[in-house]
Structure formats: C-alpha cells, structure tokens
Amino acid sequence: MKKIILGMVFLLTGLSSWAQVTTNPTIPEANQAVTITFNKSGTGLATYNGTIYAHIGLTVNGNTWQNVIGQWGQNGTQPALSGSGNTQTLTISPSLFAYFGVDTSASVTQICVVFRSDTGAQQSDDIFINVGAFQANLNSPAINSTTILNSGQSLNITASNTNGAANYNLLANGVSISTSTGSSFNYNDTNITVNKNYDLQITQGATTFSRKFAVMINPGTISAALPSANLVGGINYNPTDATKAILVLDAPHKDFVYVAGSFNNYNPTAAYAMKKDNAAGSTKFWLELTGLTPGQIYHYQYWVADATPIANSPALVKTADPYSYLVLNTYDDPYIPATSYPNIPTYPLGQSREVSVLQTAQTPYNWQVTNFVKPKKEDLVVYEVLIRDFDANRNYQDLINKIDYFKNLNINAIELMPVMEYEGNESWGYNTSFHLALDKFYGTENKFKEFIDLCHQNGIAVILDLALNHAFGRNPMNRMWMNDPDGDGWGEPSSESPYFNQVATHSYGVGSDFNHQQPRTQEYVRRTVKRWIEDFKIDGFRWDLTKGFTQNCTGDEGCTGSYQQDRVDILKQYADYSWSLDPTHYVIFEHLGQDNEEKEWANYRLNETPSKGVMMWAEMTYAYSQLMGGYATGGDISRIGHTSHANFQGKRVMGYPESHDKERLMYNAMTYGNAGGTAPPFNNLNNSLGRMSAVGAASLLVPGPKMIWHFADLGMQLSIYTCNNGTVNTESDPTAGDCKLDTKPQPQWTENWLANANRNKIYNDWAKMIALKIQEPVFEGNYAISTNGSNIRQRIYIYDDAIPSTQLKNVVVLANFSVAAQNITPDFPYTGTWYNLMDNTPVVVTNTTTPINLPAGQFAVYGNRPVTLNTDQFETTASIGLVPNPSSDYFTVNTNVNSLEVYSLSGQLVKSFGKNDEQYQYPIGDLPSGLYLVKATDTYNRNVTLRMIKQ
C-alpha cells in the first residue's frame with residue numbers, strides 16, 4: 001500500500017515477557033525464602049511434558065542476570081521445578097541472599113528466570129519477578145519502547161514508585177534534563193528534533209531503578225540513486241578503500257530506516273538515516289559508511305519503521321541484516337565455549353535482538369587446495385555428520401582431529417547437518433534464522449574453512465545440508481513483516497510479507513514457510529547458494545524438505561505428495577544457478593516423493609559435459625531394519641539403487657539404511673529383532689553387531705551414491721530417542737515427550753570402540769567395501785537384486801559387460817539375514833575361479849547353482865578377478881615414538897594426545913599432561929636422571945607405553 005506520513009505519534013511497546021507466574025510471599029524480600037509457581041500453559045513449554053528447569057539469577061545493584069545458578073543446559077546444576085501438569089513450583093531458600101551468594105549489603109530488586117525443557121529446545125520468555133517493597137514503574141511511555149515522532153513534536157514521561165518519596169533523574173543521550181523528588185514523576189520533553197535514548201533513574205536509599213526508552217525522529221524520504229547497479233543486499237565492501245562500506249536493505253512497505261551501530265553508539269543521528277533509491281518501483285534503502293578503521297570489528301542493526309502499519313504489525317522493528325555473514329546475540333553467545341569460538345565480539349550493552357558484524361580489510365583464508373576434483377557422483381559414499389553429536393567438544397576442531405577416522409574408512413564425502421546460524425546452540429540446525437551466516441557454536445569461519453581444506457587435501461568432498469523451505473522467528477525478513485498482536489517482538493508472517501506465506505502451502509509446515517514464487521525469496525536463495533559455494537568451496541548441497549517448495553497444497557498431503565509443476569520448475573532453476581557457479585556441484589534433493597516428479601530432476605541435464613542431474617535421496621530404513629531383525633517380511637531393498645525408480649536415466653539415487661532422522665538399525669534389532677528361540681536370545685549386542693557388515697555389503701556395494709549416518713560403521717546401538725539422562729523416550733511417550741533432538745552421548749570415543757573387535761570388524765569390512773566401490777569400475781555399472789526365495793537370503797549381481805574379462809567385471813554379493821545358517825543358491829553368471837573380494841580367497845565354481853552355506857547374519861562378496869585395494873587400517877600405536885631419547889630437558893611425541901603421564905619404574909606418577917598437539921615440548925628438566933615409562937593416550941583413546949631415558 002502507499003504510505004502517507006502524518007503528523008502523528010506512533011508508540012512501540014517493548015518486549016514484555018510476562019508468563020503465568022505467582023510467588024509466595026506475593027512481594028518477596030531478599031532476606032526471605034520464596035516459592036515461585038509457574039503455569040506453563042500459554043508459554044513456549046505448553047506442549048512439553050518433561051522436567052522443567054530454571055535458568056535463574058538476580059538483578060543486583062541495577063544489573064540484570066547476576067549470580068546465575070550454573071550454566072544454560074546443565075541439568076545437574078540448574079534447579080528443577082517440582083510437581084506435574086501445567087502448574088509447577090520452585091522454592092528458593094533460606095533467602096535470596098544466601099541461595100544466590102549475594103552480599104547482604106547489595107540491592108536485589110528482581111528475580112530473573114527462564115523456564116526451559118531438559119534440552120532447552122522449549123523455553124519461556126525472560127521473566128522478571130519484583131523483589132522488595134520499593135518498586136518503580138515507568139507509566140508512559142512503555143519501558144524499552146521507541147516512540148516515532150515527527151521533528152518538533154513532544155514526549156510526555158510519567159513514572160511512579162511503590163514506597164513513598166524517591167529521587168527521579170531523567171537523562172537524554174546521557175545528559176540530565178529533569179530531576180525531582182516525590183512519589184511520582186511527570187515531564188514533557190518538547191520540540192524534539194533528534195533521536196534520543198532516555199534513562200529515567202529512580203532512587204530510594206541504596207536502590208536505583210533504571211527505566212529506558214527512546215524517541216526516533218521520522219526523517220521523511222531521502223531520495224537518492226544507488227551508487228552502483230552492482231550493489232547487493234547487505235554489506236558492499238569498497239574494493240579500493242577499506243574505510244568505506246555501503247549497506248543495502250530491500251524493504252517494501254517501509255517508510256524509513258536508520259542504521260544504528262558501534263560507529264554511532266547505537267544513537268543514530270539524521271546522518272544515519274538510509275537513503276531511498278529513486279529508481280522507478282525500487283524499494284531499496286542504502287547508506288554509505290565512511291571513516292571506518294580497516295580491520296576493526298563493527299556491529300550494527302537496521303531500525304526499520306512503518307509509519308502506518310497494518311493491523312497487528314509493529315511500526316518499528318530492530319533487526320540484523322538479512323544478509324549477515326556473522327551475527328551476535330545475547331540468547332546463545334554467552335554459552336558458546338571459548339575453546340570453540342575464541343574472542344567472540346562483545347554484544348553491545350543495552351541493545352536487543354541480533355546485530356550484524358562488519359569488518360573491512362579482512363585477511364583472506366589461505367586455501368591449500370584451490371583445484372579440488374570432486375569424486376564422481378556414481379562413486380560417492382557420503383558420511384552424514386551432526387557436529388554436535390560427533391565428539392565431546394562439538395566443534396570443527398573435533399572433525400579436524402578425526403580426519404584419519406574418515407580417511408581410513410575410505411569415505412569420499414562428508415555431509416554436515418545445517419551449520420548456518422540457527423536458534424539456540426544445541427540443535428539439529430534446521431531451525432535456521434540466518435542462512436548466510438555460520439553458526440558460532442561449532443567454531444569460527446576460518447576453522448570451518450580449515451576443515452574443508454583438510455578434507456579436500458584428503459580427497460573428501462564437503463556437502464552442506466541446506467534448509468531453505470523455511471526460516472524461524474529471528475530471521476530478519478520474518479520480523480520486518482510480521483503479525484505481532486501482543487507486541488512482544490515475535491510473530492508470524494503478515495499479509496505484506498514479500499518472502500513468506502502466512503500458511504504453509506504444503507503438508508509439512510515448520511517455522512515460517514518461504515514462498516518460492518516470490519522474486520525476493522528466489523534472490524535470497526541464490527545469494528545463499530553463492531555464499532557457500534564461492535566463499536567456502538562447498539562441493540554440494542542436500543536440499544532439505546524439497547516437497548515444501550510448491551505453492552499449491554495448503555495442508556493437503558495428497559496434493560503435496562503428487563506431481564507439482566511449480567515445484568519442478570523452481571528447483572530446476574535453483575539447480576541451474578548452482579551449476580552456473582560450479583558445473584560439477586552436487587545437487588541432492590531430500591524429496592522422498594513420487595518417481596514421476598523425481599525423474600524430472602534425476603534426468604535433468606544429464607547429457608551435458610560435465611554431466612549434471614540431481615541426486616535423489618532413497619530412504620530404506622524399514623527394509624534394512626527388518627533384515628537386521630531377522631525378518632523376511634518388509635525386507636525388500638530393491639529401491640536402494642536406481643533401477644527400481646521408474647525412468648531414472650542417471651545412476652545417482654542416494655540410497656541409505658540410516659540417516660539423522662531415522663531409528664538406528666542396531667537399536668531396532670536389539671529391541672524388536674527375532675530372538676531366534678534361543679537362550680540367550682539371538683538379538684543381543686554381539687550378534688547384532690555381527691550383522692552390520694552384511695548390511696554394508698547389501699547396501700554400499702549396490703551401484704550409485706550411498707550414505708552412512710555417523711557411527712553406523714561402529715554399530716551405534718543407542719536409539720535416536722535417547723535422552724540426556726540415558727532413558728529412551730519416543731514420539732509416542734504420553735508423559736515425557738520424545739528426546740529425538742536431545743544431545744547424544746559419545747561412547748564411540750569414551751569407550752574406545754575402535755579397539756572393540758566386534759565393532760572394529762564392521763569398520764574395517766565397510767572400509768574394504770567402500771574401497772571396492774570407489775576403485776573398481778564395475779561398481780559404476782549395472783546391477784540386479786534377486787532374493788533367493790526370501791528377503792532374508794539376499795543376492796545382488798553387479799556387472800559391466802563392457803569391461804574385459806581380464807578385469808573385475810562381475811560381482812556377486814550374498815547375504816544371510818536369517819537368525820540361522822542358510823543355504824543360498826548363488827547362481828553365478830558362469831563357472832570358473834571366483835574370488836572372495838574381502839580377502840581374495842579363490843573359490844572354484846564348477847556348478848553355478850551349488851548352494852553356499854552362510855552363517856546367520858553373514859555375507860560373502862565374490863568377483864571374477866582378485867583385487868588389490870588400498871585399505872590400510874589405522875596405524876598402530878607401535879608407530880608412536882618420542883624424541884629426543886635419551887633426553888635432558890624435554891621430549892616430544894609424534895602424535896596429538898589427549899593425555900600423557902610419566903611414571904617412575906616403581907610405578908609412581910611423577911608428571912601428567914593434558915591434551916596437546918605433536919609439536920608440544922614436554923618439560924622434564926626437573927626429573928632425576930634415570931629410566932621412565934611414558935603412557936600416551938592418543939585422540940582415539942588408544943594407549944601406548946614408551947620407555948624414556950632422562951639424562
């Protein structure tokens with residue numbers, strides 16, 4: 001709509017975080033105990049049925065969130081509420097002073113609390129409970145509000161307190177403009193011509209309340225053409241002058257925008273009112289920043305105003321840049337370990353919401369690999385990783401430290417679940433809010449690039465999971481055009497949104513649903529794709545929930561699952577754009593839909609050079625779970641490859657038995673598997689582990705790309721629904737709620753699974769299979785899956801008639817998924833000498849139908865020729881050494897270690913060291929001369945004891 005600027009006052013209420021909370025006593029005192037009663041209905045915990053914890057602190061001497069108990073997410077240290085149902089209680093005793101460890105001479109005026117679920121995925125707003133008889137109220141305008149005025153208008157300020165006479169001091173932009181004493185305050189600030197930040201300080205005795213609010217002057221439209229047609233949304237750095245940068249914001253339906261930042265102390269003058277591009281139909285605002293110090297970190301927000309907002313929409317939104325590369329916030333940043341992200345820039349005091357980071361003259365990352373050649377799509381073996389659950393530190397350094405783990409498994413691609421800025425820290429990442437920004441919880445941008453570079457040095461491609469079906473509430477495009485009837489600064493898309501649907505146009509609604517027919521959404525997607533391909537050298541994207549890219553199917557699963565032309569077309573456009581930047585880019589759709597639609601993408605641009613084509617996910621968890629459990633029913637694995645997908649010309653269906661979103665095969669086998677009528681039952685841990693190699697043979701070796709969910713290669717048996725406390729709560733649990741998204745334990749490292757013979761066998765068997773798949777051309781050929789009378793007796797025939805008989809051209813895979821030994825008729829293609837490709841043992845076949853007996857859960861892989869594979873296992877601890885030896889002052893160990901201990905020959909521990917890299921010099925100058933034993937534990941928790949002579 002056209003906006004008309006009127007001489008009116010528009011009041012914006014600030015964040016009000018009132019939940020259903022009462023206290024006993026009604027007005028608690030700092031020297032007393034208090035019981036807090038919380039009613040979760042109507043809050044972010046309304047549907048949560050597990051234990052509720054309190055992230056709780058105090059306002060001490062005017063500073064909120066002091067003396068916080070424990071840290072966010074630490075259920076062992078943060079208090080739990082008692083009771084059940086909607087209403088639960090927390091008692092703090094013997095007093096607030098004692099419980100929080102506050103000196104009794106301090107002024108305590110509030111209890112600050114957020115009630116949260118066990119993982120923090122669900123939580124209340126910030127709640128502030130008044131403490132003490134003296135309380136102060138800002139009556140007008142609202143606390144933390146911003147009032148929009150035309151230049152020259154006035155603002156009336158009124159306040160009161162609850163305990164008689166108090167001193168009032170009103171500051172504007174840091175300068176006192178009115179003082180008085182009494183039980184109330186009234187002041188009219190007239191002829192306001194500049195933006196003002198107010199602070200009304202109300203003091204009685206040793207207690208002072210600070211009540212803040214602001215005025216923003218409507219500058220009107222400042223019309224000026226964009227300096228260049230090449231400017232894009234977000235930060236445009238000046239290529240020749242590092243003291244300048246131009247900010248661009250596309251803001252249809254908005255009247256004016258200020259840029260507030262560290263360069264103007266978040267008190268922008270008229271000079272920081274953005275100009276409006278004067279091109280016909282343009283809705284872009286822009287501002288050139290000058291006088292910047294090269295290399296200095298700045299941060300900023302857009303203050304976006306709509307003088308005549310539609311019903312229930314805010315007149316002002318303070319937001320970070322939609323095209324941010326790095327954002328700061330107070331919700332998540334304080335809980336990010338410095339070991340993962342050292343020196344996080346400090347969030348600006350007194351501000352709210354995310355802020356964007358700007359820095360000119362950044363030192364570019366020094367890439368070691370600039371010409372990485374991606375593995376063939378047909379040969380891909382993708383290892384899917386959730387960084388949060390990969391290792392204890394939950395960061396990129398963990399992946400870097402375990403590069404040998406990936407290398408020795410022979411995988412050639414790693415797919416990371418979303419790493420873009422998401423809401424919270426401990427998340428799967430699909431609740432993305434800033435798609436161009438790297439989430440800081442896993443580490444810095446340079447550390448992420450180091451990981452990618454290291455992967456490329458080792459022949460491993462890196463694929464990112466990309467969630468562009470939706471965005472969540474902190475997303476700037478969501479907040480700038482939202483319905484916010486309660487004025488709390490959060491809301492759903494409004495009818496004016498140029499990016500989002502008000503109601504999801506498919507049956508998988510999550511977050512705010514992007515409208516992919518909107519040109520601005522399409523531009524945002526292109527910018528996202530460009531960012532990760534060009535800045536990070538990402539090799540491919542797995543596009544999450546592509547069924548949601550249609551605009552035709554509100555709430556209708558039958559429609560959502562059927563062929564939709566608009567979805568076919570827009571996803572082809574996005575694939576085209578990816579290939580325009582990188583012709584060999586991997587485009588992978590998580591569609592899981594009808595073949596008639598998926599073939600449109602699978603066959604798209606296949607005949608070009610280089611060949612394109614979209615890889616489609618083929619989820620086979622149920623079929624392989626049935627086989628793992630020893631059941632024939634439901635164990636049809638034919639769709640693990642491309643041949644059963646109608647009219648798919650490319651051999652690029654990415655089949656997988658497990659993914660992040662599906663239950664573990666091991667857990668299903670041990671929980672629901674066929675016990676076999678034996679005592680002990682067959683479906684125990686070791687028998688289940690013994691069947692995982694057969695799963696690999698019957699999946700990895702089928703031609704076409706394949707995927708492994710992390711630690712399936714070690715037989716991970718913990719349920720996807722494992723909770724933080726070790727219990728298993730599924731989606732059907734009527735009381736506790738499911739734990740699917742909970743952070744998982746790390747037994748694969750803490751229990752040294754690589755040293756467990758049963759688990760290590762899976763790892764090494766799969767490593768051989770993957771090496772076969774990647775190195776032998778026959779696995780890019782044809783195949784047929786033919787059961788031997790029952791699904792539990794699987795036969796897979798892999799062949800390429802174009803390969804000469806002097807090479808490996810035929811492979812026969814047999815697998816027995818029964819709980820008893822089985823005779824399998826192999827039906828070899830021909831007689832002669834065949835070879836067990838797992839160890840090259842020859843097998844003379846005189847009759848192609850002579851049965852082969854396989855024990856329960858076992859497999860065999862036969863080829864017409866032996867193979868020589870590069871399948872080195874982990875280097876043994878025998879290769880670990882220390883130098884110099886003998887030594888007088890220090891020694892080094894030629895590997896990274898988790899710990900190192902030095903013992904005398906009598907067994908006395910004389911020195912101990914923590915985690916260090918191989919360059920670390922271990923000081924021993926203070927030890928007496930003699931012979932010592934050095935026990936080193938490497939990053940895989942393998943131990944070696946070395947002799948060391950101290951001179």
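With contacts defined as alpha carbon pairs under 8 Å and 6 or more residues apart, what's the relative contact order of the stretch 721-760 in percent?
About 31 percent, as a whole number.
Summing Lys and Arg as +1 and Asp and Glu as -1 over all other residues whose Cβ lies under 15 Å from the Cβ of VAL60 gives a net charge of -2. Close amide H partners of ALA437, meaning residues 5 or more places away or on another chain with modelled amide H under 5 Å apart, are GLU421. Classified by the C-alpha gyration tensor, the stretch 159-287 has a prolate form. Its axis ratio a/c, with a ≥ b ≥ c, is 1.5 or above, and a/b is larger than b/c. For the peptides 222-228, 255-261, the ranking by packing is 255-261, 222-228, with the highest mean count of neighbouring Cβ atoms within 10 Å listed first.
Measuring nothing but how far apart in sequence close Cα pairs (under 8 Å, 6+ apart) lie, relative to its length, the chain scores a relative contact order of 7 percent. Spacing of the modelled spin labels on THR671 and ASN230, each 7 Å from Cα toward Cβ, amounts to 5.7 nm. For the stretch 520-594 versus the stretch 112-151, the spacing of their alpha-carbon centroids is 40 Å. Here LYS40 is the anchor, and the lysines within straight C-alpha reach of less than 25 Å, apart from those fewer than 8 places off in the same chain, are LYS740. Remark: the stretch 50-55, residue by residue, has Karplus-estimated 3J(HN,Hα) of x, 5, 9, 10, 10, 8 Hz, where x stands for each Gly or Pro and the curve is 6.51 cos²θ - 1.76 cosθ + 1.60 at θ = phi - 60°.
Fewest neighbouring Cβ atoms within 10 Å first, the residues ILE924, ILE344, ILE414, ILE770 line up as ILE344, ILE924, ILE414, ILE770. Taking 0.36 nm per residue of separation and subtracting the current Cα-Cα distance, fully stretching the chain between THR87 and ILE400 would add 108.0 nm. Kirkwood's formula applied to the C-alpha pairs of the stretch 135-218 gives a hydrodynamic radius of 12.8 angstrom. Close amide-amide hydrogen proximity is noted between PHE500 and ASN515, each under 5 Å apart and 5 or more residues distant or on a separate chain (H modeled in the peptide plane; Pro and chain starts excluded). Near GLN71: Cβ cut-off under 14 Å, other residues only, Lys/Arg at +1 and Asp/Glu at -1. The net charge is -2. Coordinate range of the alpha-carbon atoms in the chain per principal axis, descending: 106, 77, 59 Å. Highest-first packing order for the peptide set 792-802, 822-832 is 792-802, 822-832, based on the mean count of other beta carbon atoms within 10 Å. What's the local net charge at THR363, with K and R +1, D and E -1, over the other residues with C-beta under 13 Å away? Around THR363, the charge tally is 0. The string of couplings for the stretch 132-139 from the Karplus curve (6.51, -1.76, 1.60, θ = phi - 60°) is x, 5, 8, 9, 10, 10, 8, 7 Hz, one whole number per residue in order, with x for Gly and Pro. Each residue of the stretch 152-167 was assigned a 3J(HN,Hα) from its phi angle through the Karplus curve 6.51 cos²θ - 1.76 cosθ + 1.60 (θ = phi - 60°); the sequence is x, 7, 10, 9, 9, 10, 10, 8, 8, 9, 9, 9, x, 5, 9, 8 Hz, with glycine and proline shown as x.
Once you order the gyration tensor axes a ≥ b ≥ c over the Cα atoms, which shape class does the stretch 514-630 get: rounded for a/c under 1.5, otherwise prolate or oblate by comparing a/b with b/c?
oblate
Determine which aspartates and glutamates satisfy two conditions relative to LYS284: a Cα distance under 12 Å, and not lying fewer than 8 residues away in the same chain. Within the straight-line limit of under 12 Å, LYS284 reaches these aspartates and glutamates: ASP250, ASP255.
Oblate is the label for the stretch 88-233, because the ratio a/c of its alpha-carbon gyration tensor axes (a ≥ b ≥ c) is 1.5 or higher and a/b is not greater than b/c.
For ILE177, the residues 5 or more places off, or on other chains, whose built amide H falls under 5 Å of its own are LEU170, LEU171, ALA172. With the helix formula -39500 (n - 2.57) applied to DSSP H stretches of n ≥ 4, the chain reaches a computed 222 nm mean residue ellipticity of -4000 deg cm²/dmol. How large is log10 I(q)/I(0) at q = 0.19, 0.30 Å⁻¹ when the Debye formula is applied to the Cα atoms of the stretch 687-747, each weighted equally and without solvent? The calculated log intensity ratios at q = 0.19, 0.30 Å⁻¹ are -0.81, -1.18.
Straight-distance candidates among the lysines for linking to LYS809, with alpha-carbon spacing under 16 Å and chain neighbours fewer than 8 residues away dropped: LYS773. Each DSSP beta bridge with both residues in the stretch 284-418 is either parallel or antiparallel, and the antiparallel ones are about 70%. A protection proxy built from the mean count of other Cβ atoms within 10 Å ranks the segments 238-248, 627-637, most packed first, as 627-637, 238-248.
Dividing the mean sequence gap of close Cα pairs (under 8 Å, 6+ apart) by how many residues the stretch 770-863 holds gives a relative contact order of 25 percent.
Remark: for residue pairs LYS447/LYS915; LYS376/LYS440; LYS572/LYS706; LYS244/LYS530; LYS276/LYS530; LYS318/LYS662, the C-alpha separation exceeds 29 Å in LYS376/LYS440; LYS318/LYS662.
Bear in mind these aren't lab numbers, they're just calculated from the coordinates by the rules spelled out. All figures in this text were calculated on a predicted structure; none of them were measured in a lab. Using ideal geometry, Cβ is built from the backbone for each residue, glycine included, and neighbour counts are taken over all protein chains shown.
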